[in-house]
Ligand code: FES
Ligand SMILES: [Fe+2]
């Protein structure tokens, strides 16, 4: 179940260059590359002639030459050369997908190109804002993308999965507040006078308890930012506090595998490269703890012959709202597609 009319992260900007790169997103094969002017192009990685993989071909200037019979497509997907004949068949074209490069990531619109709307990008500008420094990566995960969004919208698991880094038992005692605005879900947890988790202590050397905030925002299809703050308890002393954003985009490869794009971007000790490395390593380790849980969970869901429904608890309220939004948007786009087919048949 995938939203088509939405932005997905296809790659980090630095991953795409003058070679052909294949990516699968929501079950569709794509070939990505940069033009000589530096613009990122995404075409369907399926040659319209005999469906060979275009990413196995080669770049000729800004055009892609299929490696099977040499038919060539420019960066708009238009066919510009058919070996051995002058005339180009009218339907010989590769499908092109709208692409935007922003905040270090390459975003792709997988649905109707006419509906591509940049105002629907989540606000991830902290990935490269002045006064902030980001570190991050991309983790392949053998699990459905919604298991990852569930995980990020309910952080009570930190107490059980991440006790060595960002979790401790304090989180379990404080219930979340949540509300929905349009297609956004907001989840918040404020923990007062609580012991700092191990990584916070390592990074900011807190001596006593802290006040801690987690302010989470979900945007469709699967983008989640977490504004995490920790200040010495009872103070508003930001200079001795921790504030970072955990920015996450989950790109479904198919129903059971995903790419997990992530950054941690902070606004303190900007020049400290050793600290950047420490945070990057520790957060990667933390996320790999999630991956271990989620990949095992995926197998348990797939092999459940009774297909039992989940039994929900109070902490699931944010994840349930996010899943409802995705379900509603998928149903809406399916009914639009059915209407379009019906009007074509009638016409
Ligand atoms: S399959 Fe691409 S040119 Fe024949
Ligand atoms: Fe986690």
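Scan segment 94-114 for residues that are over 30 Å from residue 136 (Cα atoms) and surrounded by 17 or more Cβ atoms within 10 Å (Cβ to Cβ) and the total you get is 1.
Selection of segment 63-77 for residues being assigned to a loop (DSSP other than H, G, I, E, B) and either more than 28 Å from the chain's Cα centre (by Cα) or within 13 Å of ligand 1 (Cβ to nearest atom) (or both) yields 66, 67, 68, 69, 70, 71, 74. Hey, does segment 130-145 have a residue that's more than 15 Å from ligand 2 (Cβ to nearest atom), assigned to a loop (DSSP other than H, G, I, E, B) and either at positive phi or modelled with pLDDT under 95 (or both)? For segment 130-145, residues more than 15 Å from ligand 2 (Cβ to nearest atom), assigned to a loop (DSSP other than H, G, I, E, B) and either at positive phi or modelled with pLDDT under 95 (or both): present. When every residue of segment 40-60 is checked against the conditions, none turns out to be surrounded by fewer than 16 Cβ atoms within 10 Å (Cβ to Cβ), more than 16 Å from ligand 1 (Cβ to nearest atom) and at pLDDT 95 or above.
Here is a list: 20, 54, 120. Which entry is over 24 Å from residue 248 (Cβ atoms), away from ligand 2 (no atom under 16 Å from the Cβ) and either touching a helix residue (DSSP H, G or I) at 6+ places or on another chain (Cβ under 6 Å) or in contact (Cβ under 8 Å) with a residue 60 or more places away in the chain (or both)?
20
The rows are residues; the columns are (1) surrounded by fewer than 17 Cβ atoms within 10 Å (Cβ to Cβ); (2) within 16 Å of ligand 2 (Cβ to nearest atom).
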{"residue": "234", "(1), (2)": "yes, no"}
{"residue": "251", "(1), (2)": "no, no"}
{"residue": "279", "(1), (2)": "no, yes"}
{"residue": "282", "(1), (2)": "no, yes"}
{"residue": "291", "(1), (2)": "no, yes"}
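Restricting 88, 108 to residues that are over 16 Å from residue 226 (Cα atoms), in a loop (DSSP other than H, G, I, E, B) and assigned by TED's automatic domain parsing to the domain that holds residue 63 narrows the list to 88. A search for C-beta distances below 6 Å between a residue of segment 23-47 that is in contact (Cβ under 8 Å) with a residue 60 or more places away in the chain and on the phi > 0 side of the Ramachandran plot and any residue that is part of a strand (DSSP E or B) and surrounded by 23 or more Cβ atoms within 10 Å (Cβ to Cβ), counting only pairs 6+ apart in sequence or on different chains, returns 26/252.
The values are calculated or read from the model by the stated rules, or taken from the named source; none is laboratory data. Since the model is a prediction, treat every value here as computed from it, not as a measurement. Cβ sites come from the backbone with ideal geometry, for glycine too, and all protein chains shown count toward neighbours.
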